[in-house]
1. Quick one: compute a quarter of the convex hull surface over the Cα atoms of the chain and quote it in nm².
2. Using a Gaussian network model on the chain with a 10 Å cutoff between Cα atoms, which of Lys154, Lys116, Lys94 fluctuates the most?
3. If I stretch the segment between Asp169 and Val136 completely, what's the gain in nm (0.36 nm per residue apart, minus their alpha carbon distance), one decimal?
4. Please list, or write none, the lysines whose alpha carbon is within less than 27 Å of the alpha carbon of Lys158, excluding same-chain residues fewer than 8 places away.
5. Could you go through the stretch 89-95 in sequence order and give the Karplus-derived ³J(HN,Hα) for each residue, using 6.51 cos²θ - 1.76 cosθ + 1.60 with θ = phi - 60°, rounded to whole Hz, and x for Gly and Pro?
6. How charged is the neighbourhood of Gly70? Take every other residue with its Cβ under 13 Å from the Cβ of Gly70, and add Lys/Arg as +1 and Asp/Glu as -1.
7. So in the chain, what percent of DSSP beta bridges are antiparallel if you round to the nearest 5?
8. If you plug each phi of the stretch 116-131 into the Karplus form 6.51 cos²θ - 1.76 cosθ + 1.60 with θ = phi - 60°, what whole-Hz ³J(HN,Hα) values come out, in order, with x for Gly and Pro?
Amino acid sequence: MSSSISSSTSLPLKVAVCPYCERDGLRTFRDTEVMAFYDRMAMDGTVNIIFHAGDIRSSKDFLKRMKNPGAALYVVFYGEDIVGLIWLTHFEGKSCRVHFTSFSEVWNEDTVSIGKAAIRQILYMYDDNNDYVFDVLLGLIPSRNMRAVKWLKKMGLKEVGEIPNALWDAEEGESIPGTLLHLTR
């Protein structure tokens, strides 16, 4: 994993998402690499914001969750650099919840452009029958995290509204309002 990011407005944006999955009997990322993603979030100070429910408290918890069939992790590359993660949960029909994080080295660069390119790759994925996997991606964000809500809107997600008591905040020990957003093709 490289930590230096260089951006050039004259070159096309090279964003790719790589699924964390098994191919030919081998995982696309080693356990230590997946745990290192959590450690990067911890170094960036985003763990308590992202995992506000308190169910993921360590790199081992994160690895276990990403290996669970109820989650699908995608590693976001900008060129050859790993700059963020997208993971999907709460699968129902052709919808799911989408979760994002970008790493601090791109916070002041092309974060919105990278996010748009990455999330569209998820939305426009095909299955083995050449059908779209998802018709809609849902984001449910703590309403107090206005920075994240604004970022998701810049990426093209549309705000549905606020849901009272939609999310659990382990630190506060209470349910908090969540802002629901969606992205459709």
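1. Values: hull surface 44.5 nm².
Average projection, Cα convex hull of the chain: 11.1 nm².
2. Maximum among the listed residues: Lys94.
3. Gain in length upon complete extension: 9.3 nm.
4. Lys14, Lys94, Lys116, Lys150
5. The phi angles translate into 9, 6, 6, 8, x, 10, 10 Hz.
6. For residues surrounding Gly70, the net value is +2.
7. Counting only bridges with both partners in the chain, antiparallel ones make up about 90 percent.
8. Each residue's phi maps through the Karplus curve to give 4, 5, 5, 5, 5, 5, 5, 5, 9, 6, 10, 8, 5, 8, 6, 9 Hz.
Every number here is computed from the coordinates shown, using simple stated rules; none is lab data. Because the structure is a prediction, the values reported are computed rather than measured. FYI the Cβ positions are ideal-geometry reconstructions off the backbone, even for glycines, and counts take in every protein chain you see.
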